[in-house]
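What follows is a short report on a single structure.
Computed from the coordinates by the stated procedures, all read-outs in this text should not be read as laboratory data. For clarity, every value in this text was computed on a predicted model and none was experimentally measured.
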Amino acid sequence: MNPDERVEMENTKATTVEIMGRAYRVRGAADEKYVQEVARYVDDKVREVSQGSSLPASDRVAILAAMNIADELFQLRRASHEELSTIERKTESLISLLDEKMSVDG
């Protein structure tokens, strides 16, 4: 194991989540609260989809893939929200500067 892999392993935590009544152990750098939030989202979606199907929705690969997809979705939502907040702050600042300039020149 190289030093980068060792540091990465030290920064990962194991969290147990429950999806469709089954426990899954998930390792990652994210905090437990976030992992639980993602798992709840996946559980809701799997249950929603499985209501109209007679097939069991507990296939391990499907669950883990869904967790990864939900994680990507959550990260994109947070990044989008942060970018929007930055744009709003900059816009307000520019409007204030324009208002000041217009009142001085006016």
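Through the Karplus equation 6.51 cos²θ - 1.76 cosθ + 1.60, θ set to phi - 60°, convert the phi angles of the range 94-104 into ³J(HN,Hα) values in whole Hz; use x for Gly and Pro.
Rounded to whole hertz, the list is 5, 4, 4, 4, 5, 4, 5, 5, 5, 6, 6.
Quick one: 3J(HN,Hα) in Hz for the range 73-85, Karplus 6.51/-1.76/1.60 with θ = phi - 60°, rounded, Gly and Pro as x.
Calculated HN-Hα couplings, in order: 4, 4, 5, 5, 4, 5, 5, 4, 4, 5, 5, 4, 4 Hz.
May I ask you to list the lysines whose Cα is less than 23 Å away from that of Lys90, ignoring any residue fewer than eight positions away on the same chain?
Answer for Lys90, where 23 Å is the Cα cut-off: Lys101, listed by chain and number.
May I ask you to compute the full-extension gain from Phe74 to Asp44, defined as 0.36 nm times their residue separation minus their alpha-carbon distance, rounded to one decimal in nm?
Stretched fully, the Phe74-Asp44 segment lengthens by 9.3 nm.
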